[in-house]
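Worksheet: one structure, shown below.
The values are calculated or read from the model by the stated rules, or taken from the named source; none is laboratory data. Keep in mind the model is a prediction, meaning the values are calculated, not measured. With ideal geometry, Cβ positions are generated from the backbone for all residues, glycine too; neighbour counts draw on all protein chains shown. When the accessible area is computed, the model is the full protein with side chains, heavy atoms only, and any ligands, DNA or RNA have been set aside. Shrake-Rupley method; radii C 1.70, N 1.55, O 1.52, S 1.80 Å.
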Amino acid sequence: MRRIISFLSAAITAFSLAASSQVDMQHEEELPISEGSVSDNILIAYFSWAENAVLPEGDGEADAVSSPSVRVPGNVQQPAGWIQEETGGDLFSIRVTEPYPSDWDACLERANEERGSNARPELQENIRDPERYDTVFLGYPNWWYGVPMPLLSFLDQNDFSGKNVYLFCSHGTGGLANSVDLITEAVPDAIISDNIFDCCEEDAPSSEDDVKSWVNELGFFIASANQNEQEEVSMRISVTDGENKVEYELNNSGAARTLYEMLPLTVGVEDFSTNEKTFYPPKELPCEDTPLAGTDAEGGTLAYYEPWGDVVMFYAGYNGNSSLYELGHAVSGTDSISSLSGTITIEAVE
Ligand SMILES: Cc1cc2nc3c(=O)[nH]c(=O)nc-3n(C[C@H](O)[C@H](O)[C@H](O)COP(=O)(O)O)c2cc1C
């Protein structure tokens, strides 16, 4: 409450413009629902104070009443994670190089200055390959009746023309206020849906079901639907160079499912060290829910080495590490792995 009162009193003096709290919907039409969207094409980018502040002692898990300061996880950070779970998209936290104060009044003041000068605070990093996304979930808190200026820095750095943009916002008593207008102005050629998710700061932590229902309503439910389907389906693949053949049973991880969806593949196989044959799939595999490969004394493990993006077929023992993820295990032809050479074909076994 102290926060709201403090914010309101500051707002009255600094924002005599009394910006309208009504959203000017410039995109009245419903977007086409992209049922069957591929998770590779979805970006979830968001800004949250908690990830842009010098956190106080105890990582910001301070009592909100005694210390009205930033807390983790942020009210926008949490929904962003739930959207990621439901869509399988790529999560990106927009972070400034110069963090905001964790003190409420000091943060308000800096945010107000930045808004007044139409600043574009410097960001730590940008997304890789923005062109690969066709859908962008964009999350932000209402700051001073609008958006945190780093959100505009992010939009300035990326061309979202023609991309479907879905907004989600958390706020105090002010609702969406001018935020949608500001975003529309920043990316005039993006297709911004008028189906926006917004929730009050106190409701944010318990809004998981609402967030996921919203995502489903928009037509994105592939990640969870696929997971349920795949739980019952065995994913077996064969790898052959024409003479030698090995079959693997894949696990149900996101990385294994993604590899399976790419099949059939024809690629070169390479030797590495004294116990590995490797090949490079055409795209990176997502490892968030994929188990680490552990250690295998005998070989037969199919793994993914995330830093290099190659799939590894072990034919002898190895020691696992924190970047090596398990995709599955050989069920036949383990002895042939070491003989694989040249071009291999990888196919699903029906
Ligand atoms: C600098 C600053 C300005 C804010 N301005 C507003 C505002 O104008 N209207 C409003 O309703 N809430 C405002 N809030 C409250 C936040 O929108 C709200 O707490 C939100 O849930 C924070 O999300 P986060 O935890 O992910 O940063 C402001 C918060 C901060 C820190």
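Applying 1/(1 + (r/R0)^6) with R0 = 30 Å to the Cβ-Cβ distance of Asp289 and Leu263 gives a FRET efficiency near 0.90. Phi angles of segment 125-137 translate, via the Karplus equation with coefficients 6.51, -1.76, 1.60 and θ = phi - 60°, into HN-Hα couplings of 7, 10, 5, 8, 6, x, 5, 6, 8, 10, 10, 10, 8 Hz per residue; Gly and Pro are given as x. Take the Cα of Glu125, go 7 Å toward its beta carbon, and the backbone nitrogen atoms of segment 266-302 under 19 Å from that spot belong to 284-289.
Treat each spin label as a single point 7 Å out from the Cα along the C-beta direction, and report the Asp159 to Ser234 distance in nm. Going by the 7 Å Cα→Cβ label model, 4.9 nm. Roll a 1.4 Å probe over the protein chains and send me the accessible area per residue for segment 233-349 in Å². Ligands and nucleic acids excluded, the figure is 45 Å² per residue.
For segment 113-249, the Kirkwood hydrodynamic radius from C-alpha pairs, put into Stokes-Einstein at 20 °C and a viscosity of 1.002 mPa s, yields a diffusion coefficient of 120 µm² per second. Taken as Cα centroids, segment 113-187 and segment 241-302 sit 38 Å apart, rounded to the nearest whole angstrom. Each residue of segment 207-213 is assigned a 3J(HN,Hα), and the resulting list reads 9, 4, 5, 5, 4, 5, 5 Hz, derived from the Karplus form 6.51 cos²θ - 1.76 cosθ + 1.60 (θ = phi - 60°), x at Gly and Pro.
Backbone amide hydrogens, once placed in the peptide plane, bring Leu327 within less than 5 Å of Leu302, Ala303, Tyr304, excluding anything fewer than 5 places away on its chain. Diffusion coefficient of segment 233-349 by Stokes-Einstein, Kirkwood radius over Cα pairs, 10 °C, 1.306 mPa s: 116 µm²/s.
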